[in-house]
Amino acid sequence: MRFSSISLLATVLVTTVFAQGGDPKVDAVVAPENPAVESEPDTSTIFNGVKVPPIPEIRGDEFDKTVADGYWFVKHHSPYCPHCISIAPTWQTLHEFYYTSKPVPGSSEDTSKTSMNNFPAYYNFHFGSLDCIAFGSTCEAHDVHSWPTFILYKDGVQQKRFSGAKDMAGLSAFVEEVLETIKPGSRPVRGLKLPQPGDTSFEQPEPTLAPKPAPVAPAAADEKAEKPIAPAAKEDAKKDNPPKDVVAPAAAANVGASKATTTLSSSVLKATPVKAKPTATPNPLGTSVSLTAESFQNLVTMSQEPWFIKFYAPWCHHCQAMAPNWVQLGKEMKGKLNIGEVNCDAESRLCKDVRLRGYPTILFFVGGERVEYEGLRGLGDFVTYANKAIDVGGGVKDVSAVEFEELEEKEEVIFVYFYDHATTSEDFAALERLTLSLVGHAKLVKTNSATLAERYKITTWPRLLVSRDGRPTYYTALAPQDMRDFRKVLHWMQSVWLPIVPELTASNSREIMDGKIVVLGILTRDHADEFLMGKKELKSAALEWMDKQTLRFQQERQELRDAKQLRIEEAEDRNDQRALRAAKSIHINMDMSERKEVGFAWVDGVFWERWIRTTYGIEAKEGEKVIINDEDNRRYWDTTITGNYIIPSRTSILETLPKVVDSPPKIKPKSTISSFEKFFFDIKMAVTGHPYLATGLILGIVLAAFTWGRGRVRRSKGGFFRLDDEKGGLLGGNANGKVD
């Protein structure tokens with residue numbers, strides 16, 4: 001008993017001495033309180049000879065509590081996801097590398113948890129993992145819909161998501177940027193040398209930190225201040241051959257150091273920090289990269305880099321004709337945008353997974369999302385689209401009132417998202433999803449400018465509107481779930497993303513012409529003055545027509561409201577409860593979609609001369625004209641009520657348009673198809689317009705034909721024997737052979 005007490009006292013004294021000495025090995029030695037109880041299996045690893053605890057697997061019900069303090073870089077993953085399994089060694093090695101790194105180079109080797117030279121203690125930065133299969137509701141609450149997703153949290157609040165190449169260099173660059181914001185000037189200017197996934201040891205050379213600031217103390221003081229750091233500077237010079245003005249590591253800034261160190265720290269903190277950011281340049285060689293299934297997954301699917309990719313077949317004539325333009329596009333986009341191509345004969349499985357509808361198919365990718373390019377295949381068309389697509393990688397741009405006015409001079413259609421301090425990260429994440437679908441159509445920006453909010457009379461946030469030539473159209477849904485509904489918002493955007501008077505091209509012709517009555521100006525760029533004047537007149541007519549239609553719609557709905565109110569008052573006067581309920585139940589439809597929309601557009605008469613001549617019988621060389629087209633009914637109008645041609649004039653258009661949209665039209669239309677085609681087209685329209693009546697009519701015709709045919713067949717049928725009563729038997733005589 002006596003020896004037992006002495007032994008226990010000796011153990012306590014030894015443990016205290018080792019803890020004060022800062023031996024890192026003692027941190028890993030923990031004596032169990034009860035030898036009879038088995039400890040949990042140790043899943044720690046060894047990196048550079050230091051024991052590294054496992055990455056915390058955060059439970060969903062304890063997630064908010066766990067990440068409530070400091071910075072947490074969390075991997076949201078699935079144990080069954082191939083990408084998650086592939087990146088697991090990289091994530092583990094990254095954790096081990098930073099955990100064992102010395103935040104303060106040149107100082108002691110103490111990495112205990114209480115030491116400032118311990119990475120988590122110095123930066124209060126931690127790595128963590130969350131299993132989205134086990135805790136799906138938690139991942140869904142953080143808007144995680146794909147794996148793996150890396151998110152940075154600060155004091156329990158989501159800061160930003162990692163977007164980039166999911167490899168050691170990409171993840172480390174993200175971490176370095178965050179660490180530099182936590183402790184400015186503490187990270188290496190030239191970046192870090194990184195281990196390979198799975199390494200258990202790695203020698204990191206002493207880094208060079210911030211450049212030496214201008215001296216603020218006398219020369220004598222400088223000499224004294226530089227003495228403690230001379231060895232570190234010399235070591236840097238030997239390893240990295242830096243300039244002569246290398247300064248001390250950031251360890252000199254620690255409180256409690258010598259006077260010389262304190263003097264230096266004041267000057268180091270005044271230096272401007274230099275952030276180490278990834279310097280990966282897209283398309284550095286200016287070529288179209290030939291992609292295989294493996295390289296496609298690594299370079300396109302598992303990264304956030306934008307890619308413009310052509311899927312083709314070598315035997316396809318259209319692909320062969322487009323090939324020179326695609327090669328030239330790669331040169332034009334050097335250093336700007338990644339250009340790639342996939343041979344679908346060699347990579348048939350990849351093309352099958354992409355679900356191509358034909359060759360060539362051109363897709364724009366950002367990570368796992370994509371959008372199909374549907375424009376023309378000329379080099380200029382490719383370059384124009386690619387230049388607009390470059391901005392997608394930077395996310396939705398935040399603009400001020402001045403920047404927005406500058407943008408209005410360059411863009412015809414701008415979607416503006418108004419936000420304030422209460423706008424959540426979920427709102428911004430939903431907004432970012434829209435950028436890819438808008439490439440090549442319109443610009444999307446966000447702002448919290450009070451000037452713009454006053455200009456557009458914004459009173460609730462967040463709010464979305466589209467500005468077309470300075471004319472706003474608002475997204476009417478205001479509920480948070482409606483603002484985050486990707487499909488609903490995108491459907492609204494698609495209905496308003498065309499300019500007020502767009503140019504008709506092969507790629508947007510269906511979108512402009514179908515389902516509308518379109519005022520189409522036939523203009524030519526050869527006559528610059530007439531061209532500009534014609535566009536101006538078309539736009540003036542379009543704006544005035546839209547104002548009139550809006551006012552007319554409001555007046556009609558007001559009349560319906562007044563009629564409803566009269567019915568209610570009449571029923572109340574008669575004390576007729578049944579009539580009162582019926583009057584109150586009247587619904588006034590505020591949807592304008594029931595009325596056929598009128599659109600405006602213009603077409604290049606020289607470029608589309610043949611189509612204009614064969615469809616409308618108009619020669620572009622005869623001068624600029626306007627036709628009003630009803631594509632759904634294959635008809636058009638090209639003259640006014642007086643028989644004169646419609647010209648690009650606000651007066652001529654607005655005088656003719658009301659007489660065309662009336663039902664029936666007051667001006668006789670012309671057909672865009674031949675009489676033979678029109679006969680079958682009218683039958684088709686009758687069937688589609690009255691499906692039940694057409695079905696009954698067809699069934700009636702079929703039944704009548706069947707009945708008539710059956711009767712004909714029955715009458716024409718004969719047997720093997722014909723019985724003739726006049727001949728009186730089978731053989732033409734009496735059965736007994738007697739004659740009367």
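The values are calculated or read from the model by the stated rules, or taken from the named source; none is laboratory data. Computed from a predicted structure; not experimentally measured. Note that each Cβ is placed from the backbone with ideal geometry, even for glycine, and that neighbours are counted across all protein chains shown.
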Among the numbered criteria (1) in the same structural domain as M493 (by TED's automatic domain parsing); (2) assigned to a loop (DSSP other than H, G, I, E, B); (3) over 16 Å from the mean Cα position of the chain (by Cα), which single criterion is violated by H441? (3)
Kindly indicate the residue of the range 139-162 that is outside any strand (DSSP E or B) and of a type in the set (D, E, K, R) and also surrounded by the most Cβ atoms within 10 Å (Cβ to Cβ) among those meeting that condition. D143
Exactly one of A506, A571 is touching a Leu at 6+ places or on another chain (Cβ under 7 Å) and either in contact (Cβ under 8 Å) with a residue 24 or more places away in the chain or closer than 22 Å to I653 by Cα (or both), and that residue is A506
Within the range 82-95, the residues that are free of Cβ contacts under 8 Å to residues at least 60 places away in the same chain and either within 21 Å of E180 (Cα to Cα) or surrounded by 20 or more Cβ atoms within 10 Å (Cβ to Cβ) (or both) are H95
Just to confirm my filter: which strands (runs of 3 or more DSSP E) fall fully inside the range 8-110 and include at least 1 residues that are modelled with pLDDT under 50 and at negative phi? none
Filter the helices (runs of 4 or more DSSP H) completely within the range 610-718 down to those with at least 2 residues that are in the same structural domain as F600 (by TED's automatic domain parsing) and among the hydroxyl-bearing types (S, T, Y). 650-661
Has the range 522-529 got at least one residue that is of a type in the set (K, R) and touching a residue at least 60 places away in the same chain (Cβ under 8 Å)? yes
I need the full set of residues from the range 449-482 which are surrounded by 14 or more Cβ atoms within 10 Å (Cβ to Cβ), outside any strand (DSSP E or B) and either of a type in the set (V, I, T) or within 15 Å of the chain's Cα centre (by Cα) (or both), in order please. I458
Subset of the range 410-427 [at pLDDT 90 or above and either under 22 Å from K388 (Cβ atoms) or assigned by TED's automatic domain parsing to the domain that holds D143 (or both)]: V413, I414, F415, V416, Y417
Selection from the range 366-382 of residues that are part of a helix (DSSP H, G or I) and either without any contact (Cβ under 8 Å) to a residue 12 or more places away in the chain or exposed (fewer than 15 other Cβ atoms within 10 Å of the Cβ) (or both): G380, D381
Take the residues of the range 176-187 that are assigned to a loop (DSSP other than H, G, I, E, B) and at pLDDT 80 or above: which is nearest to G164 (Cα to Cα)? R187
Failed item, numbered, when T640 is tested on (1) of a type in the set (S, T, Y); (2) surrounded by 15 or more Cβ atoms within 10 Å (Cβ to Cβ); (3) in contact with a strand residue (DSSP E or B) (Cβ under 8 Å, 6 or more places away or on another chain): (3)
Considering residues of the range 65-81 that are touching a helix residue (DSSP H, G or I) at 6+ places or on another chain (Cβ under 9 Å) and over 18 Å from F119 (Cα atoms) only, the residue surrounded by the fewest Cβ atoms within 10 Å (Cβ to Cβ): P79
List every residue pair whose Cβ atoms sit under 7 Å apart, with the two residues 6 or more apart in sequence or on different chains, where the first one lies in the range 146-162 and is among the polar types (S, T, N, Q) and the second, anywhere, is surrounded by 15 or more Cβ atoms within 10 Å (Cβ to Cβ). T149/H76; T149/R161; Q158/H142; Q158/I151; Q158/S425; Q159/L152; Q159/Y153
G470 fails exactly one of (1) within 24 Å of V396 (Cβ to Cβ); (2) at pLDDT 90 or above, namely (2)
Given (1) surrounded by 12 or more Cβ atoms within 10 Å (Cβ to Cβ); (2) over 37 Å from the mean Cα position of the chain (by Cα); (3) acidic (D, E), where does D573 come up short, assuming only one miss? (1)
Do we have A453 as modelled with pLDDT of 90 or more and closer than 30 Å to Q158 by Cβ here? yes
Picking from K446, K488, which residue would you name as being in a strand (DSSP E or B), of a type in the set (D, E, K, R) and either modelled with pLDDT under 90 or under 18 Å from the mean Cα position of the chain (by Cα) (or both)? K446
Restricting attention to the range 588-607, does a residue exist that is polar (S, T, N, Q), under 30 Å from A477 (Cα atoms) and at pLDDT below 90? yes
When residues of the range 457-473 are filtered for being within 30 Å of K535 (Cβ to Cβ) and either of a type outside the set (A, V, I, L, M) or not assigned by TED's automatic domain parsing to the domain that holds V416 (or both), how many remain? 8
